[in-house]
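Since the structure comes first, as structure tokens, the remarks are kept for the end.
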Amino acid sequence: MTKPRLFSGMQPSANSLHIGNYIGALLQWRELQTTHDAIFCVVDLHAITVPQDPAALRAQTRRTAAQYIAAGIDPARSTLFVQSHVAAHPQLAWVLNTITGFGEASRMTQFKDKTAKQGTEAASVGLFTYPVLQAADVLLYDAVVVPVGEDQRQHIELTRDLAQRFNSRFGTTFVVPEVSILKETAKIYDLQNPASKMSKSGETPAGIIWLLDEPAVTAKKIRSAVTDTGREVVYDPEGKPGVSNLLTILSVVTGASLDALAAQYDGRGYGDLKKDVADAVVAEFEPIRTRALELLDDPAELDRVLAGNADRAAEIADATLARVYDRVGF
Ligand code: ADP
Ligand code: NA
């Protein structure tokens with residue numbers, strides 16, 4: 001039986017994964033690649049919709065791929081490739097741009113959010129049509145499953161609308177994907193500011209645990225986490241957000257339930273908890289970090305793996321694009 005095709009993209013960034021991404025997304029992807037024919041794409045074309053430094057982009061693209069491979073995305077089983085290596089992405093995006101309404105694109109709330117501060121005058125047209133490129137990413141692969149966070153729901157709805165519109169105008173060409181929102185997982189909060197979600201764009205560097213942090217740095221960040229008044233270790237997200245965040249991390253990383261942990265720390269202090277969280281996170285990330293650094297140490301080999309995967313992706317994508325070009329009269 002063929003497995004359902006899954007597509008997911010990730011932005012290239014120097015520190016691609018913090019412990020929130022790892023728990024909220026990567027662990028699910030790692031599972032999904034056993035039940036799905038999974039395609040993972042480092043979306044460097046999307047990255048240039050805001051100004052980029054070319055050398056930094058190139059390095060970030062490799063770092064992102066290396067981190068995902070090290071964290072368990074298997075490039076022999078799944079297809080993990082770089083978007084700009086497969087020319088069909090911008091080619092299909094152009095065709096889809098021509099069937100996207102200007103008003104329809106203007107209703108994308110992410111564009112509104114991203115331009116809220118600086119205004120639309122300074123934004124690139126690429127940023128405006130970002131969701132159309134995203135639709136091309138998915139439709140090229142006949143993906144049925146696109147696991148995304150809730151914030152991406154509107155873009156997947158647009159993808160469905162464009163697929164259906166194209167199909168009804170030119171004849172059935174695209175598979176219409178399902179909207180599949182990643183299952184709710186534990187939310188991880190900033191260690192220095194446990195009222196806000198840990199985020200790549202967070203403003204307290206010491207509050208973010210990166211997969212590639214040195215073990216000593218990880219341990220220090222956890223030891224210095226903001227805790228709450230009082231001294232009892234209890235899971236109480238309202239009253240004790242800092243301690244609760246640490247318990248959540250420990251629970252996910254060790255597999256122990258929050259109840260079991262609460263019992264285990266009965267009568268013990270914050271210091272014990274922090275030490276155990278630090279040990280558990282370091283143990284979880286150390287082999288991943290080591291593997292990622294190995295991969296980055298041999299960029300020629302990493303590039304070879306990514307090129308092979310891009311060839312596999314292009315085989316599927318080019319066939320879809322050929323269908324589309326034929327349908328539109330090229
Ligand atoms: P960031 O907020 O760091 O930019 P993204 O918005 O790119 O992260 O999210 C990528 C994935 O990681 C999403 O599936 C999201 O649900 C998950 N994720 C991001 N931050 C957290 C967090 N703090 N806790 C749990 N999951 C998270
Ligand atoms: Na975000």
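The values are calculated or read from the model by the stated rules, or taken from the named source; none is laboratory data. Please read all numbers here as calculations on a predicted model, not as lab measurements. Glycine gets a Cβ as well: all are built from the backbone with ideal geometry, and neighbour counts include every protein chain shown.
Here are the numbers for the structure shown:
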item	result
Yes/no for Arg327 being touching a Gly at 6+ places or on another chain (Cβ under 8 Å) and modelled with pLDDT of 95 or more	yes
Qualifying positions in the range 1-55 - under 20 Å from Phe128 (Cα atoms), over 11 Å from the mean Cα position of the chain (by Cα) and either away from ligand 2 (no atom under 16 Å from the Cβ) or in contact (Cβ under 8 Å) with a residue 40 or more places away in the chain (or both)	Asp44, Leu45, His46, Ile48, Thr49, Val50, Pro51, Gln52
Condition broken by Ile209, with the remaining ones in (1) modelled with pLDDT under 95; (2) surrounded by 20 or more Cβ atoms within 10 Å (Cβ to Cβ) satisfied	(1)
Pair list, Cβ < 9 Å and 6+ apart or interchain, from the range 254-279 residues that are at pLDDT below 95 to residues that are of a type in the set (Val, Ile, Thr) and loosely packed, with under 12 Cβ neighbours inside 10 Å	none
Conditions (1) away from ligand 2 (no atom under 16 Å from the Cβ); (2) surrounded by 22 or more Cβ atoms within 10 Å (Cβ to Cβ); (3) within 20 Å of Tyr68 (Cα to Cα); number of the one not met by Leu139	(3)
Residue in the range 214-234 that is more than 16 Å from ligand 1 (Cβ to nearest atom), at pLDDT 95 or above, in a loop (DSSP other than H, G, I, E, B) and over 23 Å from the mean Cα position of the chain (by Cα) present	yes
Matching option when the condition is surrounded by fewer than 19 Cβ atoms within 10 Å (Cβ to Cβ), of a type in the set (A, V, I, L, M, F, W, C) and in contact with a Phe, Trp or Tyr (Cβ under 9 Å, 6 or more places away or on another chain), among Ala262, Ala322, Ala256	Ala262
In the range 157-194, the residues that are of a type in the set (Lys, Arg) and either in contact with a helix residue (DSSP H, G or I) (Cβ under 6 Å, 6 or more places away or on another chain) or part of a loop (DSSP other than H, G, I, E, B) (or both)	Lys183, Lys187
Subset of the range 144-203 (residues that are of a type in the set (Val, Ile, Thr) and more than 8 Å from ligand 1 (Cβ to nearest atom))	Val144, Val145, Val146, Ile156, Thr159, Thr172, Thr173, Val175, Val176, Val179, Ile181
Filter result (aliphatic (A, V, I, L, M) and either without any contact (Cβ under 8 Å) to a residue 40 or more places away in the chain or surrounded by 16 or more Cβ atoms within 10 Å (Cβ to Cβ) (or both)) within the range 58-86	Ala65, Ala66, Ile69, Ala70, Ala71, Ile73, Ala76, Leu80, Val82, Val86
Subset of the range 119-156 (residues that are over 15 Å from Ala93 (Cα atoms), assigned to a helix (DSSP H, G or I) and within 18 Å of the chain's Cα centre (by Cα))	Glu150, Asp151, Gln152, Arg153, Gln154
Scan of the range 149-205 for residues that are at pLDDT 95 or above, of a type in the set (Gly, Ala, Ser) and surrounded by 15 or more Cβ atoms within 10 Å (Cβ to Cβ), ordered by number	Ala163
Helices (runs of 4 or more DSSP H) (entirely within the range 1-104) containing at least 3 residues that are farther than 23 Å from Arg323 by Cβ	27-35, 44-47, 54-70
Pick from the range 11-22, criterion touching a helix residue (DSSP H, G or I) at 6+ places or on another chain (Cβ under 6 Å) and surrounded by 20 or more Cβ atoms within 10 Å (Cβ to Cβ), ranking: nearest to Gln83 (Cα to Cα)	Pro12
